[in-house]
Structures are given as structure tokens and as C-alpha cells.
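Read-outs: derived from the displayed coordinates by stated rules, not from any lab. Every value quoted in this text rests on a predicted model; they were computed, and no experiment measured them. A quick note on method: Cβ atoms are made from the backbone with ideal geometry, for glycine too, and the neighbour counts reach across all protein chains shown.
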Amino acid sequence: MTDNYGRKIDYMRVSITDRCDLRCRYCMPEGCEKVSMAQILTYEEIERICRAAAGLGINRIKITGGEPFVRLGCIDLIRNIKAINGIDEVTVTTNGQTLDRYINELKEIGIDGVNISLDTLDPEKFAYITGGGKLERTVRSIGLSAAAGLKTKVNCLLQRSFNEDEIFDMAGLAFEHGIDVRFIEIMPVGAGYSSRGISNDEVLRRLRERWPDLEPDSSVHGNGPAVYYRREGAAGAIGFISALSGKFCSDCNRVRLTSQGQLKPCLCYEAGTDLRPYLAGTDDELKEAIRAAILEKPEEHCFDEKHFEDDGRTEHRLMSQIGG
Ligand code: SAM
Ligand code: SF4
């Protein structure tokens, strides 16, 4: 459907759990608030919301979290969402720690893409930034996913004085292994508020100094706001998701469903519609609630403004709680 600013909203990111087996420093360094399973949408409820959203023109779903693969039965949910009439594409975002166990099933389901987060190729730095993660597990998952023929993308968050020296190595994964590597600017949400990210303008400038043949790539790579560049003859491309330096709100096509059932029209603000009460009603009532929530989508984020009246944040929940 079209929102109040003429944007076509056709993509929903669905967080199926707040929990995670890692503790990334910019996401949930101290873990997340314990909520009982009773507060978390059941798979049946998530499917019902996806079906209602499909009736409004949402045709692409991203399964995210927290870490989706820590929730039991996640594969069955993906299979069921994939089967919903009107849903053309289902993808998943994961830290890759246990993905290797699910690759065959994801392939059999016909998953449309797997995004794997990887910020560094140094095992100690990986363990540090993820709060104990094992680099070799994520790297193995990336290899297996690509080898299985799944559309595999790597998401990399760069931080000043932490991994900026790895820009070329990370970008090199795209040229050497044929997978897309996307640099994502850290957003001031949750723990990311105190991280020192790097502007993608700078990342692109540095990459072009090293590889002057890096050219804009207009072929379609996915659902979202990433802008891609490619080198002649290279199989993989470099993507830039620049919510801060390249504000893309006028093209924003997405809403988010939190694991507790809030439909959140913009990442920046805490506002949203709790869909749980509507789950007790009819499908039409649920659909109407989703439509109304989409019409509440603001024109743009305000991450670039200072909010002196508060503690500077506009969204206090963690990225893992709102389905980053
Ligand atoms: N656990 C999965 C993962 O790490 O891919 C899925 C959930 S995680 C919240 C989704 C994505 O959000 C990851 O690529 C992660 O790096 C990114 N992320 C987390 N905090 C962020 C922040 N403050 N700004 C930008 N991206 C963030
Ligand atoms: Fe977990 Fe992903 Fe957040 Fe890292 S970014 S703590 S892997 S949810």
C-alpha cells in the first residue's frame, strides 16, 4: 500500500525473538530484558500478521531478531511464511553462529536470501565485538551458504579505531568470494548510541582510492536502501546502507514487527501500534490496524537532530528488541 507520503510500503522486518547467543557491543552488550514467552508473539500469530500484511501489499518479509535461529522451530515459521499467498520473498538475517545447521532446510524451503553479520576477520576482535562469538563459525556459515547457492550477503558495521583498518579486507570478500558485502552505518539506537561509527562517504572514498575502477552498480540487489558499487569482472558487489550520511527516508519501503507485537513504522521513534489486541478480532480488523499503523509512518527520521530535552535518544529499546 501507499503511505501518506506517497511511498510504496511492501517490506516488513519481523523480529521473532529478542534473545541472542551473542552480545554485540553496539546492540545488546548486557543481554536483553527477560520477557516471558507469553509476551512474545507465537508463530501462529506472526503468520497471521504476515498474512494480513500480505493483503495490504507487503510482499517481502525479513526474519530477524535478536538471533532468529535461537528460537526453536524457526525453520517451520519460515516455511509457512514462504507459503503465504502474496509473499514473494522471505529472507533471514543472522549472526551465522549456528546457521550451518539449517542451510539444507533453508535451501529446500527456497529462502530468497541470507544476510550474515560479520564486522571483522580477526578472531580476537570478533570475540570482543560480539561478546564471545566464534569467528570460524560465522565464516564457515558464510562459505556454506554461498556454496549451497543461497543468495548470501555480509553485513559489516565499521567503527573508528576498531575495524576501520579492515575496510579493504572486508570489501575484498566481495571481489574474491563473489558475495555482496554491505557497509552499514551504525545508528544511534540502543547501545549503538555510544558507538563511534564511520560515515559511508568516507568508506567509499577510501575504497575508491584503492580501487579507482569501483563503479556504481544499478542492478537490483535486494529490497532496500543499499547503494551498490562493483569492480569490472568481480562477482560480488559492495553495498552501502547510509541511514545517516545518505538519508533515504523518501524511499523507505518498510515497517517492523517487534517480537512483542508492535508494528513500528520507523526505526527512529518508539511509536507504533500494538497489534496484540487486534489478534483477538477478525482478520479484517487486524488488516485495518496494520493499514492505520502504516499511515502513521513519519516522513523522516530525526537521527541527525540533537534531542537535548531527553538523554539524546529517540528510541531507547535495543536493536535486538526492534528487529534491526
Ligand atoms: N542477530 C542477527 C544479526 O546479527 O544479523 C539479526 C539481528 S541484528 C539486530 C540485525 C542487524 O542489525 C545486524 O547486521 C547488526 O549488525 C545490525 N545492528 C545492530 N545494532 C545496530 C546499530 N546500532 N546500528 C546499525 N545496525 C545495527
Ligand atoms: Fe545478537 Fe545480532 Fe544484536 Fe549481535 S547484532 S547482539 S548477533 S541480535
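Taking the inverse of the average 1/r across all pairs of different Cα atoms in region 11-322, what Kirkwood radius in Å do you get?
Details: mean 1/r = 0.0502 Å⁻¹.
Here the Kirkwood hydrodynamic radius works out to 19.9 Å.
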Taking 0.36 nm per intervening residue step and subtracting the Cα-Cα distance, what contour gain separates Phe168 from Arg140 on full extension? 8.1 nm
Rounded to the nearest 20 Debye, what is the dipole magnitude of region 11-322 about its Cα centre when Lys and Arg each give +1 and Asp and Glu each give -1 at the C-beta? 480
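Which of the peptides 39-48, 86-95 is most tightly packed, and how do the rest follow, going by the mean number of other Cβ atoms within 10 Å of each residue?
Ranked from most to least packed, the peptides come out as 86-95, 39-48.
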For the pair Asp21 and Asp213, how long in nm is the line joining their label points, each one 7 Å along Cα→Cβ? 4.0
Considering only DSSP states other than H, G, I, E and B, which trypsin sites (Lys or Arg not before Pro) in region 148-185 qualify as loop sites with at most 14 other Cβ atoms within 10 Å? Arg160
Under a Cβ-Cβ cut-off of 10 Å, what is the net charge of the residues other than Arg230 that fall near it, where Lys and Arg count +1 and Asp and Glu count -1? -4
Total charge of the residues flanking Glu108 in space, meaning their Cβ is under 13 Å from its Cβ, with Lys and Arg +1 and Asp and Glu -1, is +1
Hey, how many Å between the Cα centroid of region 161-215 and the Cα centroid of region 101-142? 18
Mind checking the full-extension length gain between Glu202 and Ala148? Use 0.36 nm per residue of separation minus the Cα-Cα distance, one decimal, nm. 16.0 nm
Any cysteine of the chain lacking a neighbouring Cys Cβ under 4.7 Å - listed by number: Cys20, Cys32, Cys50, Cys74, Cys156, Cys249, Cys252, Cys266, Cys268, Cys302
For region 1-94, what log10 I(q)/I(0) values come out of the Debye formula at q = 0.16, 0.19 1/Å, with one point per alpha carbon and no solvent? -0.71, -0.91
Computed helical MRE - 222 nm, the chain, DSSP H runs ≥ 4 contributing -39500 (n - 2.57), nearest 500: -8000 deg cm²/dmol
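Between Gln39 and Arg79, take the C-beta separation as r, use R0 = 41 Å, and let me know the FRET efficiency to the nearest 0.05. Intermediate values should be presented prior to the final figure.
Details: r = 25 Å, r/R0 = 0.60.
That pair, Gln39 with Arg79, gives E of 0.95.
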